[in-house]
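S.K.: Quick one: the structure is below, questions incoming.
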Amino acid sequence: MSKNKIVVIGGGYAGLRTVEKLAKNPQNEIILFDKNPYHFMQTDVYDLIANEEDFAQVTVDLFTFCSGFDGNVTFIKQEVNNIDFKNKKIITTVQRYNYDYLVIAVGARTKFMADVVGLRIHAHGIKALHRAMYFKQKFEMSLFNRVEESGASCTPMNIIVAGAGLSGVEIAAQMASFSREFYRKNNFICRKLNIVLINAGEHVLYGLDKELVEKTEKRLKELEIVVKNQRKVAEVTHNSVKLSGGEILQMDFMIYAGGIEPNGLVYSLALDKNEKEYIVSNNYLQVQNYNDVFAIGDCTTVYNNGKVIAPTADTAEQMAEICAKNITSLIANKPLTEHKIKSRGVLIALGRGYAVSKIFGIYFSGYFAYIMKKFVEKIYAKKLDMRSRRGCKKIFCN
């Protein structure tokens, strides 16, 4: 009996969950492609930057992860450049590979607005691990420099976070919380830290519930984070940011979390895309014109009752489960399942020991919400780690 050749492009939340589900069938021969040899848990990036965790704790090795299955999953570290949909081949930087079914789960990247002078040069995105690591090192070095100059002078450290969505709010809150605790524990005399959050809207966390927004804004105020609403970044230099109203802010460094766009591969694909260049998919998560090709995760846009579903890890994993189910149905010539994806909850970390959340319609805030968020993150990481450890033992023991 011939194997079902399934290719998954992208080792993010959606890609890994798809592999997990499809690998249960020994007749499925799965190849996972990614240009990076690791899965980056982006929901933990705020902890990485503020020294709660190191890079090993927010990554999973894809070689050992795929080796942890029963011999029907292979990881190939190659970048996919294009896809020949008519002949069912993916084209990498090295060679071509055939597929019977294809899952495009390449995710998204930080969108640096081309019309903002200096943005790409002087701002840091945190969607990619190497960018997050670079910013983490700059943040630590700036703290050290302030400590070293204590007693002579004490120039403030100015951090600008542009974009008040989930990522921007969590990072700003975690840095403020970490710095406050760092100075208090170590009794340093130099304690000047200014964090400014630039927000294009009237309130932070656009699109989320009013109660979550109000609790978040209250917490940011407690952390002494300055929020500048209804402002946009107009220009960035190596030490300053000019806002849309003409105001100029001095800065040591800037994190840009003002938006995302599909990853590079999507732009080269001959597929239908919407006005923002995301892949158009149907209610079964298939791309237009090719029933054996699925697009899931942040590279596509899904709707529930006409409303866009926010691109979160939770959404990506729900899409992966529907995708795997539909590929299984195609193989068995059974009817496909329409997705009914909706947010199952929101967990927002706002510094050490504090979070706000809405889980299945119930609101929580404070330490309990923080523990809930940590629990969800640890359960996810533990599952991947167990699979990776199994693969590691197979590789080194065999």
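S.K.: How big is the accessible area of Met41 in square angstrom, nearest 10, if you roll a 1.4 angstrom probe over the protein chains?
M.R.: 10 Å²
S.K.: Determine the gain in length on full extension of the stretch Phe144-Val226; use 0.36 nm per residue of separation and subtract their C-alpha separation, reporting nm with one decimal.
M.R.: On the way: separation 82, 0.36 × 82 = 29.52 nm, distance 2.32 nm.
Taking Phe144 through Val226 to full extension adds about 27.2 nm, to one decimal.
S.K.: Would you kindly find the accessible area of His339, with a 1.4 Å probe and non-protein molecules such as ligands, DNA and RNA excluded, rounding to the nearest 10 Å²?
M.R.: Near enough 20 Å² of accessible area.
S.K.: For Lys393, Lys5, Lys374, Lys215, write out the residues from largest to smallest accessible area, computed with a 1.4 angstrom probe and no ligands counted.
M.R.: On the way: Lys393 135, Lys5 90, Lys374 35, Lys215 65 Å².
Heavy-atom accessible area, descending, gives Lys393, Lys5, Lys215, Lys374.
S.K.: Another one. For the stretch 249-390, what is the accessible area per residue in Å², given a 1.4 Å probe and the full set of protein chains? Present the calculation step by step, with values, prior to reporting the outcome.
M.R.: On the way: 6990 Å² over 142 residues.
Per-residue value: 49 Å².
S.K.: Of Lys215/Lys383; Lys210/Lys358; Lys88/Lys111, which sit over 21 Å apart, Cα to Cα? If you can, show how the numbers build up before the last one.
M.R.: Values: Lys215/Lys383 32 Å; Lys210/Lys358 11 Å; Lys88/Lys111 30 Å.
In this structure, Lys215/Lys383; Lys88/Lys111 lie more than 21 Å apart at Cα.
S.K.: So which lysines pass the test for Lys86, namely a Cα distance under 21 Å, with those fewer than 8 places away in the same chain ruled out?
M.R.: Lys3, Lys5, Lys273
S.K.: What per residue convex hull volume, in Å³, comes out for the stretch 1-108 when only alpha-carbon positions are used? Working shown, then result.
M.R.: Working: hull volume 11.4 nm³, N = 108.
Convex hull volume per residue, Cα atoms: 105 Å³.
S.K.: Now for a different question. Carbon and sulfur atoms: what percent of the 1.4 Å accessible area of the chain do they account for?
M.R.: Working: 9970 of 19390 Å².
C and S atoms contribute 51 percent here.
S.K.: Let me ask something else about it. Among Ala105, Ala172, Ala56, which one shows the highest mean-square fluctuation when the chain is modelled as a Gaussian network with alpha-carbon springs under 10 Å?
M.R.: Comparing Ala105, Ala172, Ala56 in a Gaussian network model of the chain, the most mobile one is Ala56.
S.K.: Let me ask something else about it. State the Cα centre-to-centre distance between the stretch 211-258 and the stretch 263-332 in whole Å.
M.R.: Between the Cα centre of the stretch 211-258 and that of the stretch 263-332, the gap is 33 Å.
S.K.: Hey, what number do you get for the chain at 222 nm if only DSSP H runs of n ≥ 4 count, each worth -39500 (n - 2.57), divided across all residues, to the nearest 500? Numbers along the way, then the final one.
M.R.: Values: 10 runs with 134 residues, N = 398.
It lands at -10500 deg cm²/dmol.
S.K.: Next question, about the same structure. If you take every DSSP beta bridge whose two residues both sit in the chain, what share of them, in percent to the nearest 5, is antiparallel?
M.R.: Values: 35 of 69 bridges.
Antiparallel bridges: around 50 percent, rounded to the nearest 5.
S.K.: Shifting gears a bit: With all protein chains present, calculate the accessible area of Ile279 using a 1.4 Å probe and round the result to the nearest 10 Å².
M.R.: Only protein atoms counted, so the area is about 0 Å².
S.K.: Which value does Rg/Rh take for the chain over its C-alpha atoms, Rh per Kirkwood?
M.R.: Values: Rg = 22.2 Å, Rh = 22.4 Å.
With Rg and the Kirkwood Rh in hand, the quotient comes to 0.99.
The values are calculated or read from the model by the stated rules, or taken from the named source; none is laboratory data. Quantities reported herein were computed from a predicted structural model and do not represent experimental measurements. For the accessible areas, the whole protein counts, side chains as well, though only heavy atoms, and no ligand, DNA or RNA atoms are used. Shrake-Rupley method; radii C 1.70, N 1.55, O 1.52, S 1.80 Å.
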